[in-house]
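Asks: Have a look at the structure that comes next, please.
Read-outs: derived from the displayed coordinates by stated rules, not from any lab. Quick caveat: nothing in here was measured; it's all calculated off a predicted structure. Ideal geometry is used to build each Cβ from the backbone, glycine not excepted, and the neighbour counts take in all protein chains shown.
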Amino acid sequence: MASTGADGAGPRHVAIIMDGNGRWAQKRGRPRLFGHHAGARRVREIVEACPGLGVKYLTIFAFSTENWKRTQTEVAGLMSLFRRYIMKEMQDFVRENVRVRFIGDRPRLDAKLRALMDEAEAMTAHCTGTNLTIALNYGGRDEVARATKRLARDVAQGRLDPEAVDEETLPRYLDTRVLPDPDLVIRTSGEARISNFLLWQSAYAEYEFIDTLWPDFSPEIFAGLLAQYGARDRRFGAVSA
């Protein structure tokens with residue numbers, strides 16, 4: 001169960017839709033990929049801030065199933081950035097005790113990137129500090145569809161009684177099955193939509209939509225949002241006493 005917030009406790013699991021890299025770059029007269037590189041550097045700062053802020057789980061939306069619609073140049077540049085990011089950061093994450101996981105539909109990604117993702121997960125599997133989950137080629141509807149296929153396969157093969165299926169069953173088939181649901185979802189850049197991110201998991205999450213573009217999202221802004229969360233009264237459908 002997510003933390004209540006009413007007792008001043010901060011969120012244990014924060015999910016972030018990192019939006020605004022392209023606009024940040026365009027404001028500076030630079031190509032969109034310049035903004036994506038700046039955004040990748042910002043990820044490192046936010047991950048480093050998590051232990052001191054009491055955040056145990058951080059999930060970031062890096063590339064959606066819809067992002068393939070962008071220009072071939074931008075998509076290719078992003079895939080190259082993901083490969084370089086994993087190679088550059090993994091040793092540091094091991095030293096800093098950060099466990100890395102990836103969620104999303106992997107088969108569409110190129111073989112080299114998939115191999116690096118597997119290696120990163122294996123290298124950090126023993127880490128017990130911050131849990132960093134990177135959503136890569138991820139879409140909430142796609143995730144639920146893939147989970148439903150796995151569930152249906154188990155029913156067809158007699159491993160699951162269809163009468164026993166309830167709202168606790170499907171989460172065991174989701175990409176996030178080993179993670180708690182997010183307590184707080186943040187979206188940067190001024191857009192007020194969830195963009196197909198963690199649809200099932202965020203049913204009772206608190207949301208913060210802020211104007212700051214992702215490359216400008218500092219640990220200080222992060223800390224301020226966590227403090228606001230701690231003042232909220234989260235009732236999960238119940239009534240305050």
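Asks: With a cut-off of 8 Å between alpha carbons and a minimum separation of six or more residues, what is the relative contact order of the chain in percent? Spell out each step's value before the answer.
Replies: On the way: 391 pairs, mean separation 76.6, N = 241.
Reported relative contact order: 32 percent.
Asks: How much net charge surrounds Asn97 when only other residues with a Cβ under 14 Å from its Cβ are counted (Lys, Arg +1; Asp, Glu -1)?
Replies: Working: positive: Lys56, Arg95, Arg99; negative: Glu48, Glu89, Asp92, Glu96.
Net charge in that neighbourhood comes out at -1.
Asks: Moving on. For segment 82-90, what does the Karplus curve 6.51 cos²θ - 1.76 cosθ + 1.60, with θ = phi - 60°, yield as ³J(HN,Hα) per residue in whole Hz, taken in order and with x for Gly and Pro?
Replies: 4, 5, 5, 4, 4, 4, 6, 8, 4
Asks: Any idea how far the Cα center of segment 56-121 sits from the one of segment 7-41, in Å?
Replies: Distance between centres, Cα-based: 15 Å.
Asks: Kindly identify segment 1-96 as rounded, prolate or oblate by the Cα gyration tensor criterion: order the square roots of the eigenvalues as a ≥ b ≥ c, call it rounded if a/c is under 1.5, otherwise compare a/b with b/c, prolate if a/b is larger, else oblate.
Replies: prolate
Asks: Explain nothing, just the number: relative contact order of segment 1-99, from Cα pairs under 8 Å at least 6 residues apart, as a whole percent. All intermediate terms of the calculation are to be shown ahead of the outcome.
Replies: Details: 73 pairs, mean separation 28.0, N = 99.
Once divided by the residue count of segment 1-99, the mean separation gives 28 percent.
Asks: Checking the a/c ratio against 1.5 first, then a/b against b/c, what shape does the Cα gyration tensor give for segment 85-241? Don't skip to the end; give the middle numbers.
Replies: Working: a/c = 1.80, a/b = 1.10, b/c = 1.64.
Oblate shape, in that a/c is at least 1.5 and b/c is the bigger or equal ratio.
Asks: While we're looking at this one, here's another question. With a cut-off of 8 Å between alpha carbons and a minimum separation of six or more residues, what is the relative contact order of segment 143-203 in percent? Working shown, then result.
Replies: Details: 26 pairs, mean separation 21.1, N = 61.
Dividing the mean separation by the residue count of segment 143-203 yields 35 percent.
Asks: Return the sequence-ordered ³J(HN,Hα) values of segment 134-143 in whole Hz as given by the Karplus equation 6.51 cos²θ - 1.76 cosθ + 1.60 applied to θ = phi - 60°, using x for Gly and Pro.
Replies: 10, 8, 10, 6, 10, x, x, 5, 4, 4
Asks: Note down the net charge around Pro180, summing +1 for each Lys or Arg and -1 for each Asp or Glu among other residues with Cβ under 10 Å from its Cβ. Intermediate results must be reported in sequence, preceding the final value.
Replies: Details: positive: Arg12, Lys56; negative: Asp181, Asp183.
Summing Lys and Arg as +1 and Asp and Glu as -1 gives 0.
Asks: Determine the sum of side-chain charges near Arg159: Lys and Arg each +1, Asp and Glu each -1, restricted to other residues whose C-beta is under 13 angstrom from that of Arg159. Please list the in-between numbers first.
Replies: Working: positive: Arg150, Arg153, Arg172; negative: Asp154, Asp161.
Net of charged neighbours comes to +1.
Asks: Could the peptides 153-166, 136-149 be put in order, highest first, of the mean number of other beta-carbon atoms found within 10 Å of their residues?
Replies: Numbers: 153-166: 10.8, 136-149: 18.1.
Going by the mean number of other Cβ atoms within 10 Å, highest first, we get 136-149, 153-166.
Asks: Also, quick follow-up: Would you mind classifying segment 36-169 by shape? Square roots of the alpha carbon gyration tensor eigenvalues, ordered a ≥ b ≥ c; an a/c under 1.5 is rounded, otherwise it is prolate if a/b is larger than b/c and oblate if not.
Replies: Values: a/c = 2.10, a/b = 1.40, b/c = 1.50.
Oblate.
Asks: Show the residues, 5+ positions off or on another chain, whose built amide H is closer than 5 Å to the amide H of Thr59.
Replies: Excluding prolines and chain starts, which carry no amide H, the hits are Val14, Ala15, Ile16, Thr133.
Asks: Oh, and also: Amide H neighbours of Glu206 under 5 Å, at least 5 residues apart or on other chains, H built in the peptide plane: list them.
Replies: Leu184, Val185
Asks: How about Lys27: which lysines have a C-alpha closer than 25 Å to its C-alpha, ignoring those fewer than 8 places off in the same chain?
Replies: Straight-distance partners of Lys27: Lys69.
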